[in-house]
Amino acid sequence: MTNTPTRPLTLRDVSEASGVSEMTVSRVLRNRGDVSEATRERVLKAARELGYVPNKIAGALASQRVNLVGVVIPSLSNMVFPNVMTGINEVLSATDLQPVVGVTDYNPETEERVLYEMLSWRPSGVIIAGLEHSDAARAMMVAAGIPMVEIMDVDGKCVDSMVGISHRRAGREMAQAIIKQGYQRIGFLGTKMPMDHRARKRFEGFTEALAKAGIEIADQEFYSGGSALLKGRELTQQLLERTPDLDFIYYSNDMIGAGGMLWLLEQGIDIPGQIGLAGFNGVELLDGLPRQLATMDACRKDIGRKAAEIIAARNDPDSPDPDRIVELTPRISFGDTLKRY
């Protein structure tokens with residue numbers, strides 16, 4: 001784990017790194033004044049490599065901090081993140097800190113831009129989803145000099161602090177539960193979004209556990225775009241038309257799993273006798289379905305709360321330094337779609 005520096009970077013740091021005056025650095029970063037293209041490129045390159053972000057409140061506040069906490073998440077349409085935000089807000093509402101949200105759409109360049117703008121206002125901390133970031137984003141995070149909490153995942157190294165679950169462990173434990181119930185012909189349906197690292201890690205843990213038991217994935221399908229009931233219906237039908245002897249399907253999330261379950265029920269297929277199903281996330285919205293989908297809770301609200309508690313404690317001089325690495329433990333809910341002997 002890399003520790004954050006004791007002070008934020010300044011114009012002088014960029015000046016020394018680029019070999020030009022602080023005034024010239026200021027002109028380049030404010031996009032003002034007559035500066036040669038070569039000098040401009042040199043300054044921007046130095047700032048990017050250092051992770052320097054200009055201070056938009058310089059001279060305006062003696063503390064050089066605002067009571068804002070930047071929250072950088074990949075999606076607002078994904079039902080996972082409203083639960084995370086609820087946990088964050090529950091904790092911060094009892095403090096002077098206020099969350100401000102930026103959305104990246106799983107795009108590393110967008111994440112860089114959102115992070116850059118948030119840090120330019122010198123927030124009191126940042127909560128950001130995931131452990132995988134571009135070199136430029138990571139440099140900004142290291143150089144920010146503020147509490148920086150990466151959330152949702154603990155399978156990797158953090159810049160400063162992290163709160164989440166092990167997605168590889170979640171995948172392994174679901175596979176072990178499926179195997180224990182005697183299922184052998186197992187299919188998988190999941191996203192092929194390259195930036196959804198957490199779904200990828202669950203799949204890796206899942207297939208590793210199957211391999212240890214001498215089982216290979218019998219068939220699999222990866223889709224692009226958002227998760228939806230309709231997509232789950234369509235892909236489940238395609239998968240079973242191609243491989244009709246599957247006795248279990250593991251879905252990368254509950255929404256497509258619920259769509260698959262509804263299609264199977266319409267076909268009169270016995271769940272979980274003829275075919276078992278499981279998803280991931282523990283989405284409460286699906287509680288009213290005809291059958292309860294087997295799933296694993298991703299501890300979303302608790303992740304938000306723990307991340308906010310770290311930010312709040314580190315902004316309170318009277319609070320002890322909190323743990324920097326917090327791993328939560330999700331539990332399997334067998335529901336009605338994963339038989340239990």
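The values are calculated or read from the model by the stated rules, or taken from the named source; none is laboratory data. In this text the structure is predicted, and so the values were computed from the model without any measurement. So basically every Cβ, Gly included, is an ideal-geometry build from the backbone, and we count neighbours across all protein chains shown. Heavy atoms of the whole protein, side chains included, go into the accessibility calculation; ligands, DNA and RNA do not. Shrake-Rupley method; radii C 1.70, N 1.55, O 1.52, S 1.80 Å.
Go through the residues of segment 180-187 one by one and say whether even a single one is out of contact with any strand residue (DSSP E or B) (no Cβ under 8 Å at 6 or more places or on another chain), open to solvent by 20 Å² or more (accessible area, probe 1.4 Å), among the small types (Gly, Ala, Ser) and in contact (Cβ under 8 Å) with a residue 24 or more places away in the chain. Checked segment 180-187: at least one residue is out of contact with any strand residue (DSSP E or B) (no Cβ under 8 Å at 6 or more places or on another chain), open to solvent by 20 Å² or more (accessible area, probe 1.4 Å), among the small types (Gly, Ala, Ser) and in contact (Cβ under 8 Å) with a residue 24 or more places away in the chain. In this structure, Gly225 does not satisfy being on the phi > 0 side of the Ramachandran plot and open to solvent by 50 Å² or more (accessible area, probe 1.4 Å). Considering (1) crowded, with 22+ Cβ neighbours inside 10 Å; (2) in contact with a Leu (Cβ under 9 Å, 6 or more places away or on another chain); (3) under 15 Å from Phe188 (Cβ atoms), the lone condition that Asn253 does not fulfil carries the number (2). Return a yes/no flag: does segment 263-276 have any residue that is hydrophobic (A, V, I, L, M, F, W, C), free of Cβ contacts under 8 Å to residues at least 40 places away in the same chain, touching an Asp or Glu at 6+ places or on another chain (Cβ under 8 Å) and in a loop (DSSP other than H, G, I, E, B). Yes, some residue in segment 263-276 is hydrophobic (A, V, I, L, M, F, W, C), free of Cβ contacts under 8 Å to residues at least 40 places away in the same chain, touching an Asp or Glu at 6+ places or on another chain (Cβ under 8 Å) and in a loop (DSSP other than H, G, I, E, B). You will find that of Gly130, Gly156, the residue that is in contact (Cβ under 8 Å) with a residue 24 or more places away in the chain and either out of contact with any helix residue (DSSP H, G or I) (no Cβ under 7 Å at 6 or more places or on another chain) or among the hydrophobic types (A, V, I, L, M, F, W, C) (or both) is Gly156 and no other. Of all residues in segment 25-70, those satisfying the criterion of being at pLDDT below 90, open to solvent by less than 60 Å² (accessible area, probe 1.4 Å) and more than 22 Å from Val142 (Cα to Cα) are Val28, Gly33, Val35.
Figure legend. Inter-residue proximity from segment 319-341: first residues touching a residue at least 60 places away in the same chain (Cβ under 8 Å) and more than 18 Å from Ile186 (Cα to Cα), second residues in a loop (DSSP other than H, G, I, E, B) and open to solvent by 50 Å² or more (accessible area, probe 1.4 Å), beta-carbon distance below 8 Å, spacing 6+ or different chains. Indicated pairs: Arg324/Met1; Ile325/Met1. All conditions but one from (1) open to solvent by 10 Å² or more (accessible area, probe 1.4 Å); (2) under 26 Å from Asp254 (Cβ atoms); (3) in contact (Cβ under 8 Å) with a residue 24 or more places away in the chain apply to Met140; the one that does not is (2). Among the conditions (1) modelled with pLDDT of 95 or more; (2) within 30 Å of Pro272 (Cβ to Cβ), Ile325 misses just one, which is (2). Among helices (runs of 4 or more DSSP H) entirely within segment 29-130, having at least 1 residues that are among the polar types (S, T, N, Q) and farther than 22 Å from Ala308 by Cα singles out 37-50, 108-120.
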